[in-house]
Amino acid sequence: MKANPSDRTDARYLYYESPLQGRYAGEPMRRLFGAQRKFSTWRRLWLALAQAQKKLGLNITDEQIGQMQEHLDDIDFVAAAEYERRFRHDVMAHIHAFGDAAPSARGIIHLGATSQFVNCNCDLLTMREGLDLLIGHLANIIDVLGDFAATYRDLPTLGFTHYQPAQLTTVGKRAALWCYEFVMDLEELQYRRDNLRLRGAKGATGTQASFLTLFDGDHEKAKALDRELAEQLGLPATYTVTGQTYSRKVDAAIAASLAGAAASVHKFCNDIRLLANLKEMEEPFESGQIGSSAMAYKRNPMRCERATGLARWLMDLSTSPLHTAAEQWFERTLDDSANRRLAIPEAFLTADAILQIVLNVASGLVVYPNVIAAHVAAELPFLTTEKILMAAVMAGGDRQAVHERIRIHSQAAAAEVKSAGKGNDLLDRLKGDDAFAAVDFRSVLDPAGLVGRAPQQVDEFIATHVEPVRKKYADRLGYRPVLEV
C-alpha cells in the first residue's frame, strides 16, 4: 500500500497560499492585514466607543473600561472560530470572544453599533497605515533615483521615440523622468492618506438613530460621539454622511491611486528590461544568481519582469473596487463584503511588493558607459544632420538645397547599413560634398553638445522635486529592502 504523501508532508505545504503572502509582500504590510491586527483593532474600536459613550454620560463603569483595556490583543481565535460556526456572523463571534475575556463589559460591548462600525472603521485605519508604508517606499525610491540622476546628469545616451533613435538625452535626464512619475505617485498617496476620514458611529443605515436613542434624543451628544471617536483614533474627522458603510468610492479612489503607482513601476521596469537587452544598463545581479536553467550565460532582468507582472495585476485589480462602488444599492448591500476581503488587502500587498522591487533595483542599477558611447557613436552621423544643416546654412548655403543633399546622403548611408550590413558612412559622404566644405565637423560631432539642457534640467528637477521630498520624509530615508526571492 502506497503511503499517503500528506502523512510525511508539513501541513503548511498542503494548501494554497497567496504568493503575496509567502513570496512577494514585505513583513510589515503582511502583518498589517493579518488577523491579529484586524481583530485587535476591532477591540480598540469597541474600547474607544465605550470610552466616548462613558464620557458623554452613559452608564459605563471604570471596571468595564479597564477589563476591555486589559484584553485588546490576547484574542482566543479558536473560541472566535467556534462562535462564528454557531452564529454564521464574524462580528458577533468576536463580540462574544471579547466578552469572554472582559466579562464585566460583555453587556456594553458594541452598544448601539452595527457590524460596519468595526468593519468600516478598521478598514479605514488599516488603509491609512498601509498608505504610510507605501509613502515611505516612494520617498526612498525618489531619493535613490535622485542620486542616480545626479550621478549621470551629463552622460549622453540615445533618446528614443517609437523605440527608434531620435536625439541624444542623458542617462540622468531619463532617470529624472522615471523619478518624476514616482513623485506624482507620492503626492497622490499622501493626498489620499491625509483626506481619509473615520466612518464613526452612524448606526445601521447611517442615521445615528440608535445613538440618538441612547442619548435620549440629544443630537449634540450624537454628533459629539463621532468627534470623540475621530480624536481618539487619530483621524481628522468622520465622514459627514454615510449609509450603513462609508462610500465605497473611497476604496475605488485609493485603489486607483495604487494602480497609478503600478503604472509608474511598469514603465520604469520595462525601460530597464529594454536597456538590459541593449546592454546599456541592468538591474543588480547577485554573484550566485542563475539567469536561466538552460542558458548559463544569461542575466535575465527577473526582478523587473516580476514587478511588471505584479503591476499588471494591480492595475487590473483596481477596477474591482470601482464596480463595488457602483453596485451598492441604497444604504448598502452585502455583495461588497467578500470582494473587499480580497481586493483591498491584495491591492496593498501588491503595491508593497512592486515598490520594494523598484527600490531594490534602483539602489543597485548597473550602467555600462562604454556600450552607451558605442551606440551613440553608431547613430551620431544621423543625429547630427540637423546641426550640420544649420552650420552649412550659416556658412552661406541654401537651406532647401542643403536639406536635399543631406536627405540623399542619409538614405544612401542607411541602405548600406541595413541592406549590406556595413558601417555608417554618412559623415564621409557629407565631408566629401562641397555643400558642406565650410562645416567644422569636429565641433558638430561632440555628443555633449547635442543633449540640450538635459544636465541643467536634472539639476532643476532635483532642486524642485527631490530635495523637498528628502526634507519632508528625512526620517523615512535609508530603508533598503531585502528581497526573499
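What follows draws every value from the coordinates through simple rules; no lab data is involved. Being a predicted model, the structure only gives us computed values, none of them experimental. In this analysis, Cβ positions are derived from the backbone assuming ideal geometry, glycine residues included, and neighbour counts consider all displayed protein chains.
Below are the figures for this structure:
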read-out: All-pairs Cα distance distribution in the stretch 427-477, expressed in whole percent, bin size 10 Å; value: 20, 25, 18, 15, 12, 9, 1
read-out: Sequence-distant residues sharing a close amide H with Asp154 (under 5 Å, placed H); value: Gly172
read-out: Volume per residue that the Cα convex hull of the stretch 135-210 spans, once the total is divided by residue count, Å³; value: 122 Å³
read-out: Within straight-line cross-link reach of Lys422, lysines at Cα separation under 16 Å, skipping those fewer than 8 residues along the same chain; value: none
read-out: For the stretch 366-380, 3J(HN,Hα) per residue [Karplus equation, 6.51 cos²θ - 1.76 cosθ + 1.60, θ = phi - 60°, Hz, x = Gly/Pro]; value: 10, 10, 10, x, 5, 5, 4, 5, 5, 5, 4, 4, 5, 9, 4
read-out: Rh by Kirkwood over Cα pairs, then Stokes-Einstein D for the stretch 167-264 at 0.692 mPa s and 37 °C, µm²/s; value: 202 µm²/s
read-out: Check: the chain dipole with +1 on Lys, Arg Cβ and -1 on Asp, Glu Cβ, in debye; value: 500 debye
read-out: Mean residue ellipticity (222 nm) of the chain, computed from DSSP H runs ≥ 4 via -39,500 (n - 2.57), nearest 500; value: -20000 deg cm²/dmol
read-out: Within straight-line cross-link reach of Lys221, lysines at Cα separation under 30 Å, skipping those fewer than 8 residues along the same chain; value: Lys38, Lys54, Lys55, Lys202, Lys249
read-out: Extension gain (nm, one decimal) between Ala414 and Leu477, 0.36 nm per residue minus Cα-Cα; value: 17.8 nm
read-out: Net +/- balance of residues flanking Gln116 in space, Cβ distance below 9 Å, scoring K and R +1, D and E -1; value: +3
read-out: Where chymotrypsin sites (Phe, Trp or Tyr not before Pro) in DSSP loops with at most 11 other Cβ within 10 Å are excluded, longest remaining stretch of the chain; value: 331-485
read-out: Computed label-point distance, nm, for sites Glu70 and His323 using a 7 Å Cα→Cβ extension; value: 4.9 nm
read-out: Cα centre as origin, Lys/Arg/Asp/Glu Cβ charges: the stretch 352-425 dipole, Debye; value: 180 debye
read-out: Using a Förster distance of 41 Å, the FRET efficiency for Ala401-His375 (Cβ separation, nearest 0.05); value: 0.80
read-out: Unmatched cysteines, the chain - criterion: no other Cβ of a Cys under 4.7 angstrom; value: Cys120, Cys122, Cys179
read-out: Gained length - Val78 relative to Thr464, 0.36 nm times residue gap less alpha-carbon distance; value: 133.5 nm
